[in-house]
Amino acid sequence: MATLTDLLVDLDAEYGELRAVVGELSDDAPEWDLSTPAEGWAVRDQISHLAFFDDAGRLAMVEPETFAAMVDRLVAGTGDPMEVHLAQGRKMGGAELLDWWGSAHRSMVGAFTTADPAARVPWFGPPMGVLSFISSRLMETWAHGQDVFDALKVDRLPTNRLHHIAHLGVRARPFSYLVRGRDVPEGRIDVTLTGPAGDEWRWEIGKDGNGDGNGAGASYEGEAEGRVDVAEVTGSALDFCLVVTQRRNLKDTGLEMTGTLAEEWMSIAQAFAGPPGPGRPTTSS
């Protein structure tokens with residue numbers, strides 16, 4: 001299991017990779033306003049979104065009461081709460097936007113460096129454990145970064161940091177159902193992914209979504225008697241992460257599902273918080 005230090009190092013690396021790409025853009029480069037695959041969002045919107053929530057992460061950790069008041073104001077306001085920080089970023093030049101994101105990222109990482117890994121972090125939904133929170137920020141940075149890389153037509157090599165995102169995607173299986181008002185179906189699903197270095201990453205999960213990567217998960221009724229039908233998800237870790245962050249349509253990946261449990265889950269998989277995502281349209285004919 002990754003430690004807090006491991007996660008913070010990898011989060012910083014994820015930030016650095018994306019920062020290196022957008023840092024090449026001049027202050028008034030037209031690419032800042034280039035549309036990304038997220039409908040209605042330009043490159044600058046992806047960065048301002050990360051900056052706002054990194055700022056919010058620091059606030060939640062060090063000033064939870066102030067954070068709670070901010071959430072109340074956003075909830076009480078009219079219109080889409082997302083538009084507030086997107087509008088803020090749209091008023092900035094590229095350099096100012098990068099300064100905002102850089103300061104927010106560094107402050108958040110600093111706030112969590114000495115955090116108790118067992119602490120709970122208040123958030124826009126239910127409170128989160130510190131490790132889960134940093135994993136989520138890493139996932140968000142990677143996913144919104146993918147939209148930027150796609151918009152700029154820049155290839156990105158997958159890294160072992162994908163393991164954090166894949167683990168979060170597995171753990172979020174129950175949420176994918178509950179956020180849609182659906183019961184989580186019973187049964188076991190084995191997830192076997194090929195990491196960027198060619199090694200195998202495995203999870204065995206059940207209804208609660210628990211199960212350790214490269215280790216055994218929960219027991220299931222009837223397993224001892226051999227009566228458990230095991231559904232399976234197999235493929236590359238990159239494809240799995242692209243699907244659970246809804247950056248690629250399932251049909252446009254090489255993931256293979258065996259059993260209706262696996263097929264159904266992958267069709268609605270969602271590793272991020274918030275309402276059900278619309279997903280991405282397929283590019284397949």
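Return only the number of the condition from (1) without any contact (Cβ under 8 Å) to a residue 24 or more places away in the chain; (2) under 27 Å from LYS153 (Cβ atoms); (3) open to solvent by less than 30 Å² (accessible area, probe 1.4 Å) that ASP99 does not satisfy.
All conditions pass for ASP99, except number (3).
So which residues in the stretch 107-122 are in a strand (DSSP E or B) and open to solvent by less than 10 Å² (accessible area, probe 1.4 Å)?
So the first thing to find is which residues in the stretch 107-122 are in a strand (DSSP E or B), and the list is 120-121.
Once the filter is applied, which keeps residues that are in a strand (DSSP E or B) and open to solvent by less than 10 Å² (accessible area, probe 1.4 Å), the stretch 107-122 yields only VAL121.
Which pairs have Cβ atoms under 7 Å, sit 6 or more apart or on different chains, and link a residue in the stretch 265-285 that is closer than 15 Å to VAL184 by Cα to one that is of a type in the set (Ser, Thr, Tyr) and open to solvent by 20 Å² or more (accessible area, probe 1.4 Å)?
none
Mind listing whichever residues of the stretch 123-167 are in a helix (DSSP H, G or I) and among the small types (Gly, Ala, Ser)? Outline the logic, then answer.
Within the stretch 123-167, the subset in a helix (DSSP H, G or I) is 130-152, 162-167.
Correct list: SER132, SER135, SER136, ALA143, GLY145, ALA151, ALA166.
Among the numbered conditions (1) without any contact (Cβ under 8 Å) to a residue 40 or more places away in the chain; (2) in contact with a helix residue (DSSP H, G or I) (Cβ under 6 Å, 6 or more places away or on another chain); (3) open to solvent by less than 40 Å² (accessible area, probe 1.4 Å), tell me where ALA60 comes up short.
Tallying (1) without any contact (Cβ under 8 Å) to a residue 40 or more places away in the chain; (2) in contact with a helix residue (DSSP H, G or I) (Cβ under 6 Å, 6 or more places away or on another chain); (3) open to solvent by less than 40 Å² (accessible area, probe 1.4 Å), ALA60 fails exactly one: (1).
Could you say which residue among ARG73, ARG44, ARG90 is open to solvent by 40 Å² or more (accessible area, probe 1.4 Å) and modelled with pLDDT of 95 or more? Break it down into steps so the answer makes sense when it comes.
Working: ARG73 fails: modelled with pLDDT of 95 or more; ARG44 fails: open to solvent by 40 Å² or more (accessible area, probe 1.4 Å).
One residue alone meets the criteria, ARG90.
Suppose we filter the stretch 188-210 for residues that are modelled with pLDDT of 95 or more, assigned to a loop (DSSP other than H, G, I, E, B) and open to solvent by 70 Å² or more (accessible area, probe 1.4 Å); how many remain?
Of the residues in that region, 1 qualify.
Kindly indicate whether any position in the stretch 176-187 is β-branched (Val, Ile, Thr), assigned to a strand (DSSP E or B) and either closer than 22 Å to SER132 by Cα or open to solvent by less than 40 Å² (accessible area, probe 1.4 Å) (or both).
In the first step, residues of the stretch 176-187 are kept if they are β-branched (Val, Ile, Thr); the result is 179, 184.
So of that shortlist, the ones also assigned to a strand (DSSP E or B) come out as none.
No, that holds for no residue.
Go through (1) surrounded by 14 or more Cβ atoms within 10 Å (Cβ to Cβ); (2) more than 29 Å from PRO276 (Cβ to Cβ); (3) modelled with pLDDT under 90; (4) of a type outside the set (Ser, Thr, Tyr) for ARG227 and report which single condition fails.
(1)
Results for (1) farther than 21 Å from GLY57 by Cβ; (2) in contact with a strand residue (DSSP E or B) (Cβ under 6 Å, 6 or more places away or on another chain), shown as yes or no for each residue.
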{"position": "MET139", "(1), (2)": "no, no"}
{"position": "VAL154", "(1), (2)": "yes, no"}
{"position": "GLY181", "(1), (2)": "yes, no"}
{"position": "GLY195", "(1), (2)": "yes, yes"}
{"position": "TRP203", "(1), (2)": "yes, yes"}
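Only one of (1) open to solvent by less than 10 Å² (accessible area, probe 1.4 Å); (2) modelled with pLDDT of 95 or more is not met by HIS85, so which one is it?
(2)
Answer yes or no as to whether LEU98 is in a helix (DSSP H, G or I) and farther than 30 Å from HIS163 by Cα. Working first, answer last.
Values: in a helix (DSSP H, G or I): yes; farther than 30 Å from HIS163 by Cα: no.
No: the conditions fail for LEU98.
So the check is Cβ under 9 Å with 6+ separation or different chains; which pairs have a first residue in the stretch 153-179 that's without any contact (Cβ under 8 Å) to a residue 12 or more places away in the chain and a second one that's β-branched (Val, Ile, Thr) and open to solvent by less than 60 Å² (accessible area, probe 1.4 Å)?
Partner pairs satisfying both residue conditions: LEU178/VAL184.
Return the pairs, sorted by first residue and then second, in which the second residue is part of a helix (DSSP H, G or I) and acidic (Asp, Glu), the first residue lies in the stretch 1-27 and is over 26 Å from VAL121 (Cα atoms), the beta carbons are less than 9 Å apart, and the residues are 6+ apart or on different chains.
Note: pairs meeting the criteria are VAL22/GLU31; LEU25/GLU31; ASP27/GLU96.
The values are calculated or read from the model by the stated rules, or taken from the named source; none is laboratory data. From a predicted model like this one, the values you see are computed outputs, not experimental measurements. Here Cβ is always computed from backbone atoms with ideal geometry, including for glycine, and neighbour counts include all displayed protein chains. Protein only, heavy atoms only, side chains kept; ligands, DNA and RNA dropped before computing areas. Shrake-Rupley method; radii C 1.70, N 1.55, O 1.52, S 1.80 Å.
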